[in-house]
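Data first, discussion second: the structure below is written as structure tokens.
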């Protein structure tokens, strides 16, 4: 349901800040906080959960989690589309067979079925 990691599974704030390869001023601007607030969070070794989650999704681990989720959805949807195409082909074949059998027995100009192929 939720893709955000639990608090115990989040990397430490120092690790996330170091992974972002950006200045603390840029990170503070991203979070819409003052640089001294970010420095306080670094000094204290923690931040409020919304800040930690925002930082997580900007790290390589958060981006990797989002990319993996998107790839899985794409793969699953492609497989579903292929399955539906196979089902459509099977039903069209069955419909053609029924039309041929009906045409063999009834030769009316106003046959009740449409011609597929």
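Scanning segment 87-117 for residues that are surrounded by 10 or more Cβ atoms within 10 Å (Cβ to Cβ) and either modelled with pLDDT of 90 or more or in a loop (DSSP other than H, G, I, E, B) (or both) returns 87, 88, 89, 90, 91, 92, 93, 94, 106, 111, 113, 116. For residue 56, the criteria (1) modelled with pLDDT of 95 or more; (2) within 16 Å of residue 15 (Cβ to Cβ) hold in every case but one, which is (1). Condition first: under 25 Å from residue 24 (Cα atoms) and modelled with pLDDT under 95. Can you find one or more residues in segment 65-80 that meet it? Yes, segment 65-80 contains at least one residue that is under 25 Å from residue 24 (Cα atoms) and modelled with pLDDT under 95. Within segment 1-36, being assigned to a loop (DSSP other than H, G, I, E, B) and farther than 16 Å from residue 65 by Cβ holds for 12, 21, 22, 23, 32, 33, 34.
Of the numbered criteria (1) in a helix (DSSP H, G or I); (2) under 17 Å from residue 5 (Cα atoms); (3) over 27 Å from the mean Cα position of the chain (by Cα), the one residue 39 fails is (2). Set side by side, the residues 70, 81, 54, 25 differ, and just one is touching a helix residue (DSSP H, G or I) at 6+ places or on another chain (Cβ under 8 Å) and loosely packed, with under 12 Cβ neighbours inside 10 Å, which is 25. Go through segment 1-19 and give me each residue that's farther than 26 Å from residue 73 by Cβ and surrounded by 11 or more Cβ atoms within 10 Å (Cβ to Cβ). Once the filter is applied, which keeps residues that are farther than 26 Å from residue 73 by Cβ and surrounded by 11 or more Cβ atoms within 10 Å (Cβ to Cβ), segment 1-19 yields 12, 13, 14, 15, 17, 18.
The values are calculated or read from the model by the stated rules, or taken from the named source; none is laboratory data. Small disclaimer: the values here were computed from a predicted structure and weren't measured. Don't worry about glycine lacking a Cβ; one is built from the backbone with ideal geometry, like all the others, and counts go over all protein chains shown.
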